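Since the structure comes first, as structure tokens, the remarks are kept for the end.
The values are calculated or read from the model by the stated rules, or taken from the named source; none is laboratory data. Owing to the predicted nature of the structure, the values given are computational and were not obtained by experimental measurement. Every residue, glycine among them, receives a Cβ derived from its backbone with ideal geometry; neighbour counts consider all protein chains shown. In case anyone asks, the SASA skips ligands and DNA or RNA and just uses the protein heavy atoms, side chains included. Shrake-Rupley method; radii C 1.70, N 1.55, O 1.52, S 1.80 Å.
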Amino acid sequence: MWGKALLRLVFALALPAVLVAVWWAASAGSTNVYWPPLRTVFGVFPDVWTGERLRGDVLPSVLRLAAGYTAAAVAGVALGTVIGSWRRVRALCEPVLEFLRAVPPPVLVPVIMLFAGIGDTMKIAVIASGCVWPVLLNTVEGVRAVDPVLAETARSYGVTGVARLRDVVLRSASPQIFAGLRQALSIGIILMVISEMFAAGNGLGFTIVQFQRGFAIPDMWTGILLLGLLGFLLSVLFGLAERRVLGWYHGLRASGRRSP
């Protein structure tokens, strides 16, 4: 068990280590102000991202991301379940959904600013407006793909109402729902930064832009690296939650691969 875990860790860290080594070697002798040596970026990292700056810039960004992502997840699963469950509702909503999901969320930032101002509400709304689509569309497809034999069996045993929704529909659709949630997480991080670049007084996106405008280029690169590390950490946490919630699904797939 420990051997497999160690092997997975080695595979996970191998490519990042190679990329860092290549970056270090390629930038070692750089005199370009916009492409500083990686050792310089690493050297200023602890001076830039102190505990105070982490509390003042990183924490607000993470809280906005969490709020927007949660709102999108709840709305996407709820609306996706309704639309996927009833054919007439799906036929009615499909043209509007196709139109709205084709609009890039960053384009909506100025529009949302008109109604929500430039505070946290605007940033949360921008994140939610982009994250909701992969969750909603994957939920619709997951609900539509529920095995009709399973649904009929549940109905025959008197499993209806909330119990049917929880134990049959959402459970069967949960693999696709989590696929949408994973996609939404990446979109949410991007929109978090974009929303903070427009009108903000703190946050990762705001700080990176301030470094760039002040020609503090190594400091700017530390912000980009921190953003990547944040995305990696959130991906790992999401993976742990997914394996815990979908343990039955992964176990079923594993048993299917082992069967002759």
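Here is a yes/no grid of residues against (1) outside any helix (DSSP H, G or I); (2) under 25 Å from Leu234 (Cβ atoms); (3) touching a helix residue (DSSP H, G or I) at 6+ places or on another chain (Cβ under 8 Å); (4) open to solvent by 30 Å² or more (accessible area, probe 1.4 Å):
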{"position": "Ala91", "(1), (2), (3), (4)": "no, no, no, yes"}
{"position": "Val111", "(1), (2), (3), (4)": "no, no, no, yes"}
{"position": "Val135", "(1), (2), (3), (4)": "no, yes, yes, no"}
{"position": "Val146", "(1), (2), (3), (4)": "yes, no, yes, no"}
{"position": "Ala151", "(1), (2), (3), (4)": "no, no, yes, no"}
{"position": "Gly158", "(1), (2), (3), (4)": "yes, no, no, yes"}
{"position": "Ala163", "(1), (2), (3), (4)": "no, no, no, yes"}
{"position": "Asp167", "(1), (2), (3), (4)": "no, no, yes, yes"}
{"position": "Arg182", "(1), (2), (3), (4)": "no, yes, yes, yes"}
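What is the residue count in the stretch 226-249 for residues that are in contact (Cβ under 8 Å) with a residue 40 or more places away in the chain and open to solvent by less than 40 Å² (accessible area, probe 1.4 Å)?
Result for the stretch 226-249: 7.
List, please: which pairs have Cβ atoms under 6 Å, are six or more places apart or on different chains, and start with a residue in the stretch 127-141 that is without any contact (Cβ under 8 Å) to a residue 12 or more places away in the chain and acidic (Asp, Glu) and end with one that is outside any helix (DSSP H, G or I) and surrounded by fewer than 24 Cβ atoms within 10 Å (Cβ to Cβ)?
Once the first residue is without any contact (Cβ under 8 Å) to a residue 12 or more places away in the chain and acidic (Asp, Glu) and sits in the stretch 127-141, no partner that is outside any helix (DSSP H, G or I) and surrounded by fewer than 24 Cβ atoms within 10 Å (Cβ to Cβ) comes close enough.
Could you grab me the full set of residues in the stretch 212-222 that are surrounded by 12 or more Cβ atoms within 10 Å (Cβ to Cβ) and in contact (Cβ under 8 Å) with a residue 60 or more places away in the chain?
Ile217, Pro218, Asp219, Trp221, Thr222
Please determine whether any residue of the stretch 46-61 is modelled with pLDDT of 85 or more, more than 18 Å from the chain's Cα centre (by Cα), surrounded by 13 or more Cβ atoms within 10 Å (Cβ to Cβ) and assigned to a loop (DSSP other than H, G, I, E, B).
Yes, the stretch 46-61 contains a residue that is modelled with pLDDT of 85 or more, more than 18 Å from the chain's Cα centre (by Cα), surrounded by 13 or more Cβ atoms within 10 Å (Cβ to Cβ) and assigned to a loop (DSSP other than H, G, I, E, B).
Here is a check on your reading of the model: is Ser186 in contact (Cβ under 8 Å) with a residue 40 or more places away in the chain, surrounded by 17 or more Cβ atoms within 10 Å (Cβ to Cβ), under 19 Å from Tyr69 (Cα atoms) and not hydrophobic (A, V, I, L, M, F, W, C)?
no
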